[in-house]
Structure formats: structure tokens, C-alpha cells
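Let me begin by presenting the structure, written as C-alpha cells, before commenting on it.
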């Protein structure tokens, strides 16, 4: 996964460009995002906005031999004014039309249109416009502007929160039962719920950004610091109680029994003791390049391994059971129950492309 805006304006030493070309040459699948989200963040911060348009996006997507190129979208973010949201939705569709005009028959990559919407009316409007542009059924689509629903940021209440996130994804799957649906910016524990709502793929840089801030992730438990910090964010403990349950979770044990390439080195013959725990905690908790890499590898391995488990559960028609098991100790259990009820009540088919 790469980013057109990043490659044009931020990769000044071409470090990422060289890495991408190397990975593409080795046969890795390559999706290039446009950078619409980065532009939105710059505008919110009042930073200088560089020249950026669909033609520039198309040229760099073609130059880097991506397999999927994402249209230059204009996220609706935390906008409170509904008219402004529709203006951004229209700009996204217009950029999609422009990108299609640049596209040539011999181009070896597919263009992914993007939908934005914080209610059903907006989703319906965006789907209708994309269908009119394509003049055929929508084979694949990306859904954006989800991040404000998942994070508590300024004016994020305008996006509707996590319950609206669920409603939007379930509604989109119901409207497009046979389309491939990609969700932008969804990671951590919420990714389980997103897959249960019917999306087929997602992307997130959370696993590496959180690792850089000292955070490790655990399956179904989400983010944890290695030890207590000056803030009140959760850290690994042995006896975490779960609201509404008598069960006590030993998060240190889960972390110590992780089988990733880094964690497995802290157990001898598959066993560990208190001394092993202290050493591992201290090694992971430093703000050095070596410690950051340990956290990155751990988080990425977990991310990839969970995707394999989700794929396997889907093939075995057990995605609901798998997600339920993963979230049994999570604060998102109530959201899981709502999704399960909605799927059953409205007979929503969780379409998957594996």
C-alpha cells in the first residue's frame, strides 16, 4: 500500500519510492491511495496545500505499476454542514470521472471509486452517481470518511460514532451485495466488526503508528502500553476484569504466549517465567530503533495472522463465531450483538472475495 501524495511531496530522498519499486518487482500486490485524506488533514491544520489533481494521481499510479489505483477523493471528515458534505461527495465523483478519462486501454491497473457518506441518503446518492458514471454495475468500491466515526476528535460527533459506522457498512453491503467493498482507515479491534459488517478488505497504518508511540496490540484486546505511564491509557496487567463478566483476563500471559518471530525468542522450550516477562517488557518498552522494530514486527505479524484467521473463518462459514470469540473480552461486545441481530433480522449476506 502506497500513497500518491506522499510519493510526490514527502518522499524527498526517494526512500519509499525505491522500496515500492523493489517490492513490485518481487511480485507484491500494490494498491496506491491518492492522498485525499492527507490533503484534508493539511487543510484542517492550516498548512500549505500543494498542487494536486487527478491527472497527477493517475501519472504516478501508472509510473509505479500499481494493481489498484484509488481515485482522488475529497473526504467529508467532521464537517457539520450537510451541504458541504454533498459538495465534497460531488467533487470525489467528478475526480473519478476525470481519472477515467485519463485511463488508457493498455493500463494494467484498476481504478477504485470511493464513496463517502454519514447517512443512508448520502450513500444512496453516491452509489447512484457512480453507477451513472460507469453505466454498469459497481464491481468494486471503497468507503471513506470512516475514521471520524471511530475516533474521538473535534466535531467527530457530526459523523455519528461507532454505531453509525456499523449502520453505514451494513447498509452499503445490503445495497451492493455482489460488489467488492474496501474500507479505508479501519484497524485494531474495529476491523473485526468491519469484516462482520461485510467489507472485503481494509487498510490501516495504525499498527505501525501505534508501535512508534510505544503501543503493542493483542488479538481481541486492542492497544496496550507495556507498563503504566503518566497518562491513563491501558497498559498490560494480569487481572483485567471485563464489565458484565466474571472472567479475569491475564494480558501479560497473552503477550508472552504470542508466537510472532520476535516474541517467540523470549520463551525457552515454549515456556516463560517472570524473569522472561521483565526482560521482554523492558526490551519492548524502550524508545530506541531496536525496540520500535520489535513492536512493529509484533503488531504487523498479529495484523496479518488475524487476517488469515478471518479468511479461514469466512471460508468455513464461521465468521460470526470467530468474531464473537475474539470480542468476548472486549468493550465492543455490545456492538457485536447489534451487528449479529441486524444480519439475522435483515438477512444480510456477508459477501466475501477470497
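The values are calculated or read from the model by the stated rules, or taken from the named source; none is laboratory data. This one's a predicted model, so the numbers in the text were calculated from it and none came from an experiment. Note that we place each Cβ from the backbone using ideal geometry, even for glycine, and neighbour counts take in every protein chain shown.
Filtered by the rule that a residue be in contact (Cβ under 8 Å) with a residue 40 or more places away in the chain, over 21 Å from the mean Cα position of the chain (by Cα) and surrounded by fewer than 17 Cβ atoms within 10 Å (Cβ to Cβ), the stretch 112-132 gives 120, 124. Taking the stretch 29-54 as the range and being touching a helix residue (DSSP H, G or I) at 6+ places or on another chain (Cβ under 9 Å) and modelled with pLDDT of 90 or more as the test, the residues that pass are 30, 32, 33, 34, 53, 54. Put simply, of 294, 252, 280 the only residue that is modelled with pLDDT of 90 or more, outside the structural domain of residue 169 (by TED's automatic domain parsing), crowded, with 18+ Cβ neighbours inside 10 Å and farther than 30 Å from residue 1 by Cβ is 252. If you go through the stretch 1-22 and keep only what is in a helix (DSSP H, G or I), out of contact with any helix residue (DSSP H, G or I) (no Cβ under 7 Å at 6 or more places or on another chain) and without any contact (Cβ under 8 Å) to a residue 24 or more places away in the chain, you end up with 15, 18, 19, 22.
Beta carbons closer than 7 Å, at least 6 apart along the sequence or on distinct chains, pair a first residue in the stretch 133-146 that is loosely packed, with under 15 Cβ neighbours inside 10 Å with a second that is in a strand (DSSP E or B) for 139/180. From the list 208, 168, 242, the lone residue that is touching a helix residue (DSSP H, G or I) at 6+ places or on another chain (Cβ under 6 Å) and at negative phi is 208. Checked against (1) at pLDDT below 90; (2) in contact with a helix residue (DSSP H, G or I) (Cβ under 9 Å, 6 or more places away or on another chain), residue 151 passes all but a single condition, namely (2). Within the stretch 207-218, is there a residue that is surrounded by fewer than 20 Cβ atoms within 10 Å (Cβ to Cβ) and more than 25 Å from residue 289 (Cα to Cα)? Checked the stretch 207-218: no residue is surrounded by fewer than 20 Cβ atoms within 10 Å (Cβ to Cβ) and more than 25 Å from residue 289 (Cα to Cα). Within the stretch 251-278, being farther than 20 Å from residue 215 by Cβ and not in a loop (DSSP other than H, G, I, E, B) holds for 264, 265, 268, 271, 274, 275, 276. You will find that of 181, 166, the residue that is buried (at least 22 other Cβ atoms within 10 Å of the Cβ) and assigned to a helix (DSSP H, G or I) is 166 and no other.
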